[in-house]
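A.B. asks: The structure's right below; bear with me while I get my questions together.
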Amino acid sequence: LTKAMENSTQVKLFYLFGLQETFINKSVYFILSLITYLLIVTVNLTLIITIIQEKGLHEPMYIFLCSLCINGLYGTAGFYPKFLLDLQSDVQVISYGGCLTQTYVIYTSVLCEMSTLTVMSYDRYVAICRPLLYHTIVTSLTVRKLLLFSWCYPLFIGIIVVSLTVRVPLCGSRIDKIFCDFPSILKHACLPITINQDLNKFVIVVHVLQILFIVFSYCQIVRTCVKSAKGRIKFTQTCVPHLITIFIFITVTLFDTLQGWNNVNITLNMRNAMAVQFLIIPPVLNPLIYGLNLQQIRRAVFRKCNPHKIIDMKC
């Protein structure tokens, strides 16, 4: 596949110029990046293993959370290993096939994150607004279908975008970022990229619809929860963490999308710092926010850490 992609263009290598302003502090960035990646792997794996092993956590909300953490590991795996190698090299290069692979992984991870957050908002809507029908509506079959949607849609769209990108002849190989993405590649297109831009607009429209659905769901949830003290407690425990995650993710990805397709007049370091936030903040905060706020997960995690102690945790 990589060989076929390389044969479709004259560009064999891409040069990543995102680290040009950080040569002096590369060792510091390497240590910080390594610690961040190890933290991401540790907290996400902890939550994934806990949810898989604890039968009491085999409920839709925790299953979707497990999917969110798996996606966090998937997306960061497309960035951190290559970035850590670049921090140890004098010249940052990546093959054409490697660049498209990295782009595909990061791009589909972003789409999957958005789809999973949308699915989770639907689950919370049914659980809080229609509790008596929850187990009738959100069956095991429904959970499988929602998981299938949250993963298959991003992977399928990613394949289409890569296929369209491969067909575009390129007249340059400079990428002013620390990782590959579709806007950076397509800026070197020798021919018009109308189809690629139309597909990007379609994806943006889908994202907007997902955001509107999330907003609608939480408007209904808030209306239901304010009616009782028990509802407000349930909203605080299960929905506030979800809203924080959504807000952070949408903010950082929106910035990266806008600065990717438009020339933003900011320094290279600032652009990189902002662009990489969606590969740092959500993968770290997702398991921490949910793990600290959901009592069932706290109990399960501490029970594994202290197998010989009986821990009585109270909200």
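The values are calculated or read from the model by the stated rules, or taken from the named source; none is laboratory data. Because the structure is predicted, anything quoted here is derived from the model rather than measured. Quick reminder, even Gly has a Cβ in these numbers, built from the backbone with ideal geometry, and neighbours come from all protein chains shown.
A.B. asks: Any idea how many residues of the stretch 95-142 are over 26 Å from Gly78 (Cβ atoms), touching a residue at least 60 places away in the same chain (Cβ under 8 Å) and outside any helix (DSSP H, G or I)?
C.D. replies: 1
A.B. asks: All but one of (1) in a helix (DSSP H, G or I); (2) crowded, with 20+ Cβ neighbours inside 10 Å hold for Lys145; which doesn't?
C.D. replies: (2)
A.B. asks: Name, by its number, the condition in (1) closer than 20 Å to Gln277 by Cβ; (2) modelled with pLDDT of 90 or more that does not hold for Gly97.
C.D. replies: (1)
A.B. asks: Another question, if that's okay. Quick one: would you say Thr236 is surrounded by fewer than 17 Cβ atoms within 10 Å (Cβ to Cβ), at pLDDT 75 or above and not in a loop (DSSP other than H, G, I, E, B)?
C.D. replies: no
A.B. asks: Which residue is farthest from the chain's Cα centre (by Cα), if the candidates are limited to the stretch 37-78 and must be among the aromatic types (Phe, Trp, Tyr) and within 19 Å of Trp151 (Cα to Cα)?
C.D. replies: Of the residues in the stretch 37-78, the ones among the aromatic types (Phe, Trp, Tyr) are 37, 62, 64, 74.
Subset that is within 19 Å of Trp151 (Cα to Cα): 62, 64, 74.
Values: Tyr62: 17, Phe64: 14, Tyr74: 9 Å.
So, considering only residues that are among the aromatic types (Phe, Trp, Tyr) and within 19 Å of Trp151 (Cα to Cα), the one farthest from the chain's Cα centre (by Cα) is Tyr62.
A.B. asks: Which of the residues spanning the stretch 58-94 are in contact with a strand residue (DSSP E or B) (Cβ under 8 Å, 6 or more places away or on another chain), crowded, with 16+ Cβ neighbours inside 10 Å and either among the aliphatic types (A, V, I, L, M) or not in a helix (DSSP H, G or I) (or both)?
C.D. replies: Gln92, Ile94
A.B. asks: Looking only at the stretch 148-193, how many residues end up being more than 25 Å from Val205 (Cβ to Cβ) and either without any contact (Cβ under 8 Å) to a residue 12 or more places away in the chain or in contact with a Pro (Cβ under 7 Å, 6 or more places away or on another chain) (or both)?
C.D. replies: 1
A.B. asks: Please determine whether any residue of the stretch 194-215 is among the hydroxyl-bearing types (Ser, Thr, Tyr) and in contact (Cβ under 8 Å) with a residue 60 or more places away in the chain. Steps first, please.
C.D. replies: Applying the first criterion (among the hydroxyl-bearing types (Ser, Thr, Tyr)) to the stretch 194-215 yields 194.
Cutting the leftovers down to in contact (Cβ under 8 Å) with a residue 60 or more places away in the chain gives us none.
Scanning the stretch 194-215 turns up no residue that is among the hydroxyl-bearing types (Ser, Thr, Tyr) and in contact (Cβ under 8 Å) with a residue 60 or more places away in the chain.
A.B. asks: Here's another thing I want to ask about it. Within the stretch 148-189, which residues are in a helix (DSSP H, G or I) and of a type in the set (Ser, Thr, Tyr)?
C.D. replies: Ser150, Tyr153, Ser163, Thr165, Ser184 - these are the residues of the stretch 148-189 that are in a helix (DSSP H, G or I) and of a type in the set (Ser, Thr, Tyr).
A.B. asks: Give, as residue ranges, the helices (runs of 4 or more DSSP H) completely inside the stretch 262-310 that count at least 1 residues that are modelled with pLDDT under 65 and either touching a Gly at 6+ places or on another chain (Cβ under 7 Å) or under 26 Å from Gly75 (Cβ atoms) (or both).
C.D. replies: So the answer is 281-293, 295-305.
A.B. asks: For the stretch 197-223, which residues satisfy the criterion of being more than 22 Å from the chain's Cα centre (by Cα) and surrounded by 17 or more Cβ atoms within 10 Å (Cβ to Cβ)?
C.D. replies: Ile221 - this is the single residue of the stretch 197-223 that is more than 22 Å from the chain's Cα centre (by Cα) and surrounded by 17 or more Cβ atoms within 10 Å (Cβ to Cβ).
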